[in-house]
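The values are calculated or read from the model by the stated rules, or taken from the named source; none is laboratory data. Not measured: the values here are computed from a predicted model. Don't worry about glycine lacking a Cβ; one is built from the backbone with ideal geometry, like all the others, and counts go over all protein chains shown. Remember, those area values only see protein heavy atoms, side chains included, never the ligands or the DNA or RNA. Shrake-Rupley method; radii C 1.70, N 1.55, O 1.52, S 1.80 Å.
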Amino acid sequence: MNDSFDRGYANPPVPHEVNVSEKSPLLDFLRLSLGLILLVVAVTSGVFFIARWYAPKIPFQQEMALADRIMPIGGEGMSECQREGEAALQALAEQLAKNMDLLPEMRIRIHFSGASEANAYATLGGHIFVMKDLLEHVDSENALAMVLAHEIAHIKHRDPIVSASGGIATALLFSSLIGGLDGGMLLGAALGMTQMRFSRDQEAVADREALAALQRHYGHTRGADEFFNYIMTKNSPEAKIPAFLSTHPIPPGRVAAIHASQSPDAPEPKPLSDTLLQLRTCHTG
């Protein structure tokens, strides 16, 4: 009986479409991957823009504490003339700040760097860095004051924390998602990537604030265009533009606005002090 059953029965052929998806598994994978990528981009973008919106609401004391935590700054290795020059820069910045209506808790902290770059920039916590070569290309205190006042204006309007907050928030998000990464290192990288790039509107506002500060401090704005003129005449497509001008080429309108603020009968700009001139040749201690 069993032999007869075996001889008379055969398995029917299985249709090819059984247990076979009509869609390609590769396409399904690509769709899922694309959806995941879009979700990550949406979440990251949301975190980025919420952070930038909220940043100016952070008390300045907390911003200072954050800055001191992630980028401790010391004066080790500075020579005596560099310390004296940095003190002179600090004194000039404080005089300008008195004319700029900063909040009482806003502290401006100036740091001199021997880096060979005609550069100055504001960053978190009221820190402003002035590079040695900047002093090589300004011959008057008024020109230097314009640069310092421009950076102080960025701090007044909380531009550094707005610029950095998106990168910081994104770094913290990825640190919490990925895990095992050093949060401080990510924060430092975020700051480095955002170093400090401001919009055209932010730059224009900083220019206006700086010119007003110079007008109050010196009684005129003559000499305010000195460093800007140097950048426009000496800068080539291959040259590195200073950080506080690096978001875009210097619009002629910016320099024209500075020129328009100047009175033809204004006195000559004030020469740099001997202490500041010495910074051009100071060597590290």
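A simple rule links phi to the HN-Hα coupling: the Karplus curve 6.51 cos²θ - 1.76 cosθ + 1.60 with θ = phi - 60°, which for segment 77-92 gives x, 7, 7, 5, 5, 5, 5, 5, x, 4, 5, 5, 4, 4, 5, 5 Hz, with x for Gly and Pro. Descending by average beta-carbon neighbour count within 10 Å, the peptides 261-268, 138-145 line up as 138-145, 261-268, the highest first. The Rg/Rh ratio of segment 57-149, with both radii computed over alpha carbons and Rh defined as the Kirkwood radius, is 0.97. Sorting Ile155, Ile58 by solvent-accessible area of protein heavy atoms yields Ile58, Ile155, largest first, with a 1.4 Å probe.
Remark: for residue pairs Lys156/Lys270; Lys132/Lys270; Lys57/Lys132, the C-alpha separation exceeds 23 Å in Lys156/Lys270; Lys57/Lys132.
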